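J.: Attaching a single structure in structure tokens format; questions to follow.
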Amino acid sequence: MYKLVLEGLSKNFKEKKAVDSLSLSLSHGVYGLLGENGAGKTTLMRMICGLLQKSSGRILCDGMEIEKMGSSYRRLLGYLPQDFGYYPDYSAQRFLMYLAALKALPDAYARQRVSELLELVNLSHVKDQKLKTFSGGMLKRIGIAQALLNEPKILILDEPTSGLDPKERIRFRNIISSLGKDRIVLLSTHIVSDIEYIADHIVMMQKGKMAACGTVEEILLPVKQSVWECQVSQKTSEILEKNCLISNLKNAEPGVLLRIVSDTIPAANAVHVPPTLEDAYLYYLSAEQNTDTANTAEQKGNKA
């Protein structure tokens with residue numbers, strides 16, 4: 001098993017810090033990288049893949065900096081970018097064989113591997129059809145097949161379930177979950193439920209920083225006493241929406257049923273409910289935003 005370690009990793013784009021002093025250790029299993037758009041997820045993944053030069057910090061694979069490993073590190077990698085490019089007039093089989101040739105896989109092995117992967121992603125029956133006839137979900141499955149051609153020990157998947165219908169998302173999640181047994185799988189998304197179902201470990205990012213990291217149980221523990229439900233009038237609901245972090249709102253005659261994330265009781269009739277990962281996501285990101293706001297106010301005060 002390989003181990004990937006990020007030490008104080010940063011990436012600057014002019015005045016913006018896309019990734020800010022991030023440190024993380026990964027061994028085998030599925031790691032869910034969770035964050036809103038612009039949190040730095042794609043930038044982080046592209047640095048891990050060696051496609052983007054870091055501004056500072058180190059990326060170590062089994063104790064060696066990846067820049068010094070060169071092609072031996074690239075052979076360990078499989079990558080599915082968010083915008084997966086393909087040749088629309090190629091059949092699924094021809095396309096995978098073409099990519100296998102680019103990866104310098106021996107012809108006999110490549111044919112066997114392509115056949116295995118088409119079976120894995122349930123596309124053997126359409127292997128001779130042109131990719132331009134494939135649905136979005138089928139193309140995503142071709143994407144993961146190409147990422148697995150070289151049997152990578154480090155698999156990087158950037159927003160692999162975005163744009164898929166519920167059935168395809170479930171199918172894709174099951175494939176990804178099975179892949180984490182003997183390799184590092186780093187999966188980025190802003191869809192909380194995808195992470196909740198398949199990730200062994202969760203890394204939450206906010207504005208290039210790590211807001212939280214741990215198993216689902218570890219992530220939920222600090223939020224255990226901070227999630228509430230209450231049924232209130234429409235007028236009270238409008239007041240609470242302005243002053244509280246609402247994770248769910250549902251019309252429930254004669255009023256509104258609210259799910260609220262708060263460290264203090266938000267209404268007299270509010271009761272504790274078990275937190276979900278979505279609640280925790282809102283909790284940690286809100287805490288990070290409040291810290292940033294406080295720091296900004298402090299800086300302004302010091303300047304004054």
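The values are calculated or read from the model by the stated rules, or taken from the named source; none is laboratory data. The shown structure was predicted, so the numbers you read here are calculated from the model rather than taken from an experiment. Glycine gets a Cβ as well: all are built from the backbone with ideal geometry, and neighbour counts include every protein chain shown. Ligands, DNA and RNA are stripped out before the accessible areas are found, and what is left, the full protein with its side chains, is counted by its heavy atoms. Shrake-Rupley method; radii C 1.70, N 1.55, O 1.52, S 1.80 Å.
J.: For segment 35-107, take every pair of Cα atoms, bin their distances at 5 Å starting from 0, and report each bin as a whole percent.
T.: Per 5 Å bin, starting at 0, the Cα pair percentages come out as 3, 12, 19, 19, 17, 14, 10, 4, 1.
J.: Shifting gears a bit: Indicate, rounded to the nearest 5 percent, the antiparallel portion of the DSSP beta bridges found entirely in the chain.
T.: 65 percent
J.: Expressed in nm to one decimal, what extension gain is obtained for the pair Glu241 and Asp83 from 0.36 nm per residue of sequence separation less their Cα-Cα distance?
T.: Additional length available on full extension: 53.3 nm.
J.: Apply the Karplus parameterisation 6.51 cos²θ - 1.76 cosθ + 1.60, with θ equal to phi minus 60°, to every residue of segment 132-149 and state each ³J(HN,Hα) to the nearest whole Hz, in sequence, with x for glycine and proline.
T.: Whole-Hz 3J(HN,Hα) from phi for segment 132-149: 5, 8, 7, 6, x, x, 5, 5, 4, 5, 5, x, 6, 4, 5, 5, 9, 3.
J.: Name the trypsin sites (Lys or Arg not before Pro) in segment 7-83 that are in a loop by DSSP and that have at most 13 other C-beta atoms within 10 Å, would you?
T.: Those satisfying the criteria are Lys14.
J.: Here is a follow-up. Hey, what angle do you get for helix 92-102 against the long axis of the chain, alpha-carbon based, 0 to 90 degrees rounded to 10?
T.: 80 degrees
J.: Return the carbon/sulfur percentage of the accessible area of the chain, one whole number, probe 1.4 Å, all protein chains in place.
T.: 50 percent
J.: How far is the Cα center of segment 82-113 from the Cα center of segment 174-238, in Å?
T.: Each part reduced to its Cα centre gives a spacing of 34 Å.
J.: Which FRET efficiency, nearest 0.05, do Ser193 and Lys17 yield, Cβ-Cβ r, R0 35 Å?
T.: For Ser193 and Lys17, the calculated efficiency is 0.75.
J.: Run down the aspartates and glutamates and flag those whose C-alpha is under 19 Å from the C-alpha of Lys127, throwing out any fewer than 8 positions away in its chain.
T.: Cα-Cα hits under 19 Å: Asp89, Asp107, Glu116, Glu119, Glu168.
J.: Could you work out the relative contact order of the chain? I mean the mean sequence separation of Cα pairs under 8 Å and 6+ apart, divided by the number of residues, in percent.
T.: 20 percent
J.: In segment 1-73, what is the count of Lys pairs whose alpha carbons are under 22 Å apart, counting only pairs at least 8 residues apart or on separate chains?
T.: Taking segment 1-73 as the scope, the lysine pair count is 15.
J.: If you don't mind, there's one more thing I want to ask. How long, wide and thick is segment 149-218, going by the Cα atoms along their three principal axes, in whole angstroms, largest first?
T.: Extents along the principal axes: 32, 29, 23 Å.
J.: Only sites in a loop by DSSP and with at most 13 other Cβ atoms within 10 Å count here; which trypsin sites (Lys or Arg not before Pro) in segment 156-205 make the cut?
T.: Lys181
J.: So what is Rg over Rh here for the chain, counting just Cα atoms and using Kirkwood for Rh?
T.: Answer for the chain: 1.04.
J.: Also, quick follow-up: Tell me the mean residue ellipticity at 222 nm calculated for the chain from its helices only (DSSP H runs of n ≥ 4, each -39500 (n - 2.57), averaged over every residue, nearest 500).
T.: One gets -11500 deg cm²/dmol as the mean residue ellipticity at 222 nm.
J.: In units of 2.2 N^0.38 Å, what is the alpha-carbon radius of gyration of segment 32-189?
T.: For segment 32-189, the normalised Cα radius of gyration comes out at 1.05.
J.: State, in angstrom, two size descriptors of segment 1-82 derived from its alpha carbons: Rg to one decimal place and Dmax to the nearest whole number.
T.: 12.5, 38
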